[in-house]
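*Asks:* Here you go, one structure.
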Amino acid sequence: MLFHVKMTVKLPVDMDPAQAAKLKADEKELAQRLQREGKWRHLWRIAGHYANYSVFDLASVEELHDTLMQLPLFPYMEIEVNGLCRHPSSIHQDDR
Ligand SMILES: O=C(O)CC1=CCC(=O)O1
């Protein structure tokens, strides 16, 4: 199942810079592992925002929920999710 996810990061302005750097490094490590596993298909910065558009390929809504909750930055993100399905006019044979 494909999910389009918008993540907007809102770190507290008074967060300790070392804590923020650790959260970002941990987030990057997990994000790159999930990309290597093929679960986090796309990760795009939204220009001009501390936010991203991502596409996840996961087995279920439950797996999406668990994956998002594991993200180190989860407590500091606003997350919007939309499920994706094939468009009848799409010329692409697969969904990649
Ligand atoms: O910077 C972001 O948009 C949040 C984020 C997601 C994966 C990552 O490494 O950072």
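The values are calculated or read from the model by the stated rules, or taken from the named source; none is laboratory data. Note that the structure is predicted; figures quoted are calculated from it, not measured. Backbone-built Cβ (ideal geometry, glycine too); neighbour counts: all protein chains shown. Heavy atoms of the whole protein, side chains included, go into the accessibility calculation; ligands, DNA and RNA do not. Shrake-Rupley method; radii C 1.70, N 1.55, O 1.52, S 1.80 Å.
*Asks:* Quickly run through the range 64-96 and pick out the residues that are assigned to a loop (DSSP other than H, G, I, E, B), within 16 Å of the ligand (Cβ to nearest atom) and more than 11 Å from the chain's Cα centre (by Cα). Walk me through how you get there before you give the answer.
*Replies:* To start, the set of residues in the range 64-96 that are assigned to a loop (DSSP other than H, G, I, E, B) comprises 71-73, 85-96.
Those still in the list that are within 16 Å of the ligand (Cβ to nearest atom) too: 71-73.
Listed by number, the list holds a single entry, Pro72.
*Asks:* Moving to a separate point now. Tell me, yes or no, whether the range 43-63 has at least one residue that is at pLDDT 95 or above, within 11 Å of the chain's Cα centre (by Cα) and in a loop (DSSP other than H, G, I, E, B).
*Replies:* Looking for residues that are at pLDDT 95 or above, within 11 Å of the chain's Cα centre (by Cα) and in a loop (DSSP other than H, G, I, E, B), one finds none in the range 43-63, hence no.
*Asks:* So Gln93 passes all but one of these: (1) modelled with pLDDT of 95 or more; (2) open to solvent by 60 Å² or more (accessible area, probe 1.4 Å). Which condition number does it fail?
*Replies:* The one condition Gln93 does not meet is (1).
*Asks:* Tell me which residues, restricted to the range 30-46, are surrounded by fewer than 11 Cβ atoms within 10 Å (Cβ to Cβ) and within 12 Å of the ligand (Cβ to nearest atom).
*Replies:* Trp44, Arg45
*Asks:* Still on this structure: Please identify the pairs in which a residue from the range 65-77 that is within 23 Å of Val13 (Cα to Cα) and open to solvent by 30 Å² or more (accessible area, probe 1.4 Å) has its Cβ atom under 8 Å from the Cβ atom of a residue that is at pLDDT below 95 and aromatic (Phe, Trp, Tyr), counting only partners at least 6 apart or on another chain.
*Replies:* none
*Asks:* Oh, and also: Checking Asn82 against (1) out of contact with any His (no Cβ under 8 Å at 6 or more places or on another chain); (2) surrounded by fewer than 16 Cβ atoms within 10 Å (Cβ to Cβ): exactly one of these is not met. Which one?
*Replies:* Every condition holds for Asn82 apart from (1).
*Asks:* Does any residue of the range 12-28 turn out to be open to solvent by 80 Å² or more (accessible area, probe 1.4 Å), in a helix (DSSP H, G or I) and within 10 Å of the ligand (Cβ to nearest atom)?
*Replies:* Within the range 12-28 (the criterion being open to solvent by 80 Å² or more (accessible area, probe 1.4 Å), in a helix (DSSP H, G or I) and within 10 Å of the ligand (Cβ to nearest atom)), the answer is yes, since at least one residue qualifies.
*Asks:* Being of a type in the set (Ser, Thr, Tyr), open to solvent by 90 Å² or more (accessible area, probe 1.4 Å) and within 14 Å of the ligand (Cβ to nearest atom) is the requirement here; does Tyr53 meet it?
*Replies:* Details: of a type in the set (Ser, Thr, Tyr): yes; open to solvent by 90 Å² or more (accessible area, probe 1.4 Å): yes; within 14 Å of the ligand (Cβ to nearest atom): yes.
So Tyr53 passes the test.
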